[in-house]
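Here is the structure we will look at, set down as structure tokens.
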Amino acid sequence: MKLAVIGTGYVGLVTGACFSSLGNQVVCVDKDPKRVALLKKGRVPFYEPGLPELVAKNTKAGRLKFTRKLAGAVSSAEVVFIAVGTPSRSNGQADVSAVIEVAKEISGVMKKLRHGHKVIVNKSTVPVGMGDIVSKILVENKVPKNNFSVVSNPEFLREGSAIGDFMRPDRVVIGADNSQAFNIITDLYRPLNAHIIFTSIKSAELIKYASNAFLATKISFINEIANICERVGSDISEVANAVGLDKRIGRHFLNAGLGYGGSCLPKDVSALVHLSRENGHEPMLLSAVREVNEFQIDAFIGKIIKKLGNLRSKNIAVLGLAFKPETDDMREAPSIKVVQALIKKGARVSAYDPAAAPNASRLIKEAKLVKDMFTAIEGADALVVLTEWPEFVEIDLERVKKALKSPLIFDGRNIYDRGRVEDAGLEYVGVGR
């Protein structure tokens, strides 16, 4: 098929690259000239394993193109994906202004076309009812109702494994109000042999929020149990492992630590809380999920201060800045709050991250960002681990002991075995252990 993808951020670029690799003709649109120029050269403006190779391969094959001109891309496309950002407003509400702007631009193009049917797909995470708003915009701009269908097709991509998630999905959700649109989008996904779920548009819009809110709830729940473990002498690693073996619960997202961050879970939980309150229901559980997540970072900072005392002139080594491994995403990363708190207390912070340093430099300017983890560790009064990158998990602990001024590790992600750390002569402080 001929596809247009509006927006070349994380979701849009992964969507465009993957659909082009399935043999479709894809044109990705972005209004940022620097980004478009970069992508035309086969370069990706953010870190995602395997994506640069996929973009370069399909660009070279002529299946994937990039442009600033929305009109040309939409005119020739059978399916148009809206994949622009919907960040949080100060009150938690999702900012859908970019979606509305794109819908207006699409309608401006389509009203000039005399015939043909296009499927407009909301790939962006949007509040319930956005499909109706997009349809209303098209109709108000004189686009005949028979010339378009609006579909909700939420994404479930995890940063760091997005290509695998797209190509081997747990499910594909297609929210549509007519069989024609459903069949077109089903044909698009057919090569993946995925489990396809046909729902109403409004149900599809809520499915994304409900999925992310549940994952956030699991994280906050296990962190709540971790806080109990610390007070009664239990080990959260042992507790979580046993609880997760229950098939009704599952082991995923039961890792205690600093809580959730990134571009999805904080934003989507806040948006769902706002949506609920806007419709007259107080979401007590979701409000508690957010409170636990915020508390978790403060509690970890408190452990560091309690152990080290006065932080003035203390040298702290930090490993990991991205909100999770295999990404350079610093959005809502717990590291920001932790590092800023340490610096405010007078500490000197040297930090290393394999991918996120350029983005981190704009957010935590007072920290010294280094290019090697042992450069950060050398002579430090303590080591603080904030992201579970594989190279940190496999670090030589005996070398760490020799490099540190004081043999102390604060493990914010519980990536180390306590006994192994202590056998290396290091003092260990984890979460819920």
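Every read-out reported here was derived from the displayed coordinates using simple, explicitly stated rules and does not represent laboratory data. The model shown is predicted, which means the values in this text are computed figures rather than measured ones. Cβ sites come from the backbone with ideal geometry, for glycine too, and all protein chains shown count toward neighbours.
Taking every DSSP helix (H) stretch of at least 4 residues in the chain, weighting each as -39,500 (n - 2.57) and dividing the sum by the residue count yields a mean residue ellipticity at 222 nm of -13500 deg cm²/dmol.
Compared with the alpha-carbon gap, the fully stretched path from ALA61 to THR199 is longer by 46.2 nm at 0.36 nm per residue. Protection proxy ranking, highest mean first, for peptides 211-217, 65-71, 148-154, 317-323: 317-323, 148-154, 211-217, 65-71, where packing is the per-residue count of other beta-carbon atoms within 10 Å, averaged. Only one residue of HIS252, LEU363, PRO266 has its Cα farthest out toward the positive end of the dipole of region 203-433, where Lys and Arg carry +1 and Asp and Glu -1 on Cβ, and that residue is LEU363.
Take every Cα pair under 8 Å whose residues are at least 6 apart in sequence, average their separation, divide by the length of the chain, and the relative contact order is 12 percent.
Couplings 3J(HN,Hα) for region 115-125, derived from phi with the Karplus relation 6.51 cos²θ - 1.76 cosθ + 1.60 (θ = phi - 60°), are 8, x, 10, 10, 9, 9, 10, 7, 9, 5, 7 Hz, where x marks Gly and Pro. Over region 2-199, the hull volume per residue, using the convex hull of the C-alpha atoms, is 118 Å³. Counting only residues at least eight positions apart within a chain, or on another chain, the aspartates and glutamates with an alpha carbon under 17 Å from that of LYS306 are GLU230, ASP298, ASP381, ASP411, GLU427.
Computed on region 203-433, with alpha-carbon pairs under 8 angstrom and 6+ residues apart, the relative contact order is 21 percent. Summarising the label geometry, the points placed 7 Å from Cα in the beta-carbon direction at ARG68 and ARG248 lie 5.8 nm from one another.
Would you please name the trypsin sites (Lys or Arg not before Pro) within region 185-273 that are DSSP coil residues with at most 15 other C-beta atoms within 10 Å of their C-beta? Loop-located and lightly packed - LYS247, ARG248, ARG251. Relative contact order of region 2-199, taken over Cα pairs closer than 8 Å and 6 or more residues apart, is 19 percent. Modelled label positions at ASP95 and LYS307, each set 7 Å beyond Cα in the direction of Cβ, lie 3.8 nm from each other.
Distance from the Cα centroid of region 172-217 to that of region 301-345 is 39 Å (rounded to whole angstrom).
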